[in-house]
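**Q** Structure provided below as structure tokens; questions to follow.
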């Protein structure tokens, strides 16, 4: 400071009494001014906006700098978290799609392999063979025709017929997958019931060829809902191995 | 008594009017308040020491307030940004000294 403020109230020679009233008035005015300033200043300090308005430029620049840096940090954090979120959502979605596809494939394969019971519309075909005239070739023809007509699951008597089910034996002593099966042969097939029935009844088709055998008779019925059980034994593979990819 | 009444009147006026302080002036108002407080306590002390003179009181009150504010303002213009601290320290020390003197006279301790 260039000038030390004058210490107020230093000794003074006594002054005429006439100025005392004026003196009191000026003191009162000064003190009132102080009160006024105090009240004003106290009100200025209230509220963030007013507080900012009362800050000096340097402080304002510093405050602005701080806030900008903080804002930048937070923005970076937001971007980082958004990226993480997107990645997580993406990987979850991919995993879900993969799992769904895998489940569908598994179900398809299980139906094909006959390891799960299935149900649906289809036909019930009963071949009576009192004279033992029906050979494995006839049943193979039936199976073939059914598959050709779109049958998705087939059961002969209580045996699920799948890709690996072989039909063999002599007429009257038929074997399916090594198990003897006895007449009457009850064949269930899941598929379009009417389509399957039509395919069986086609002239020169299954029905005709079975009934050409002595004593054999076919009865055929389309059902709205039938159930086919599981293969008794899960197939095992001794020779076939998945192809090694990329080697 | 007169002093207390006029102080109350001043505060009342400030609250009722609640004048908007223009932003360029706002940083310097606290300096003026500090200087005014210093003058008031100085005057109180002088009065208790029976050396009070109203002319000096009024002049120092006005000039100290104005000078303090002007000085800080000049410091900001010159790039001396923390001159307000000098004002706060100078007047703060004087206010405490005056208060100590008043306390000694009031409580004789």
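Every number in this text was worked out from the coordinates using simple rules, so none of it is lab data. The model shown is predicted, which means the values in this text are computed figures rather than measured ones. All Cβ positions, glycine included, derive from the backbone under ideal geometry; neighbour counts span all protein chains shown.
**Q** Ranking request for peptides A:76-87, A:29-40: highest mean number of other beta-carbon atoms within 10 Å first, then the rest in descending order. Could you put the intermediate results ahead of the total?
**A** Values: A:76-87: 10.0, A:29-40: 21.4.
So the peptides A:76-87, A:29-40, ranked by packing, come out A:29-40, A:76-87.
**Q** Over the whole of B:63-71, what's the average partner chain Cβ count within 10 Å per residue? Rounded to a whole number, please.
**A** 3
**Q** Can you give the helix-only mean residue ellipticity at 222 nm for chain A, where every DSSP H stretch with n ≥ 4 adds -39500 (n - 2.57) and the sum goes over all residues, rounded to the nearest 500 deg cm²/dmol?
**A** -16500 deg cm²/dmol
**Q** Still on this model: Relative contact order (percent) for the range B:23-107, with alpha-carbon contacts under 8 angstrom and 6 or more residues of separation?
**A** 42 percent
**Q** Still on this structure: Shape call for the range A:117-228 from the C-alpha gyration tensor, a ≥ b ≥ c root eigenvalues: rounded (a/c under 1.5), prolate (a/b greater than b/c) or oblate?
**A** oblate
**Q** Turning to a different aspect of this structure: Helix A:57-113 versus the longest principal axis of chain A: what is the Cα-based angle in degrees, 0 to 90, to the nearest 10?
**A** Once rounded, one gets 10 degrees.
**Q** From the square roots a ≥ b ≥ c of the eigenvalues of the alpha-carbon gyration tensor of chain B, which class results: rounded (a/c under 1.5), prolate (a/b over b/c), or oblate?
**A** In terms of gyration-tensor shape, oblate.
**Q** Under the classification rounded if a/c is under 1.5, otherwise prolate if a/b is larger than b/c and oblate if not, where does chain A fall, given a ≥ b ≥ c as square roots of the Cα gyration tensor eigenvalues?
**A** Because a/c hits 1.5 or more and a/b exceeds b/c, chain A counts as prolate.
**Q** Given only helices, namely DSSP H runs of n ≥ 4 each adding -39500 (n - 2.57), what is the per-residue ellipticity at 222 nm of chain B, to the nearest 500 deg cm²/dmol?
**A** That calculation yields -27500 deg cm²/dmol at 222 nm.
**Q** Could you tell me the distance between the Cα centroids of the range A:72-90 and the range A:148-187, to the nearest Å?
**A** 61 Å
**Q** Take each of the peptides B:46-56, A:60-70, A:107-117, average the number of other beta-carbon atoms within 10 Å over its residues, and list them starting from the highest. Please list the in-between numbers first.
**A** Numbers: B:46-56: 17.0, A:60-70: 10.8, A:107-117: 14.9.
With the highest mean Cβ count within 10 Å placed first, the list reads B:46-56, A:107-117, A:60-70.
**Q** Of the residues B:86, B:74, B:20, which exhibits the maximal mean-square fluctuation in a Gaussian network model of chain B defined by a 10 Å Cα contact cut-off?
**A** B:20
**Q** Calculate the FRET efficiency for residue A:209 and residue A:163 from the Cβ-Cβ distance with a Förster distance of 25 Å, rounded to the nearest 0.05.
**A** Values: r = 23 Å, r/R0 = 0.93.
Computed FRET efficiency for residue A:209 and residue A:163: 0.60.
**Q** Quick check: the angle from helix A:136-148's long axis to the longest principal axis of chain A, C-alpha only, nearest 10 degrees?
**A** Approximately 30 degrees, to the nearest 10.
**Q** Continuing with the same structure: What angle, in degrees between 0 and 90 and rounded to the nearest 10, separates the Cα long axis of helix B:83-107 from the longest principal axis of the Cα atoms of chain B?
**A** Relative to chain B, helix B:83-107 is tipped by roughly 10 degrees.
**Q** Same structure, new question: If you count, for every residue in B:23-33, the Cβ atoms of partner chains within 10 Å of its Cβ, what is the mean?
**A** Average per residue, whole number: 5.
**Q** Can you tell me the relative contact order of chain A? Whole percent, Cα pairs under 8 Å, sequence separation 6 or more.
**A** Relative contact order for chain A comes out at 22 percent.
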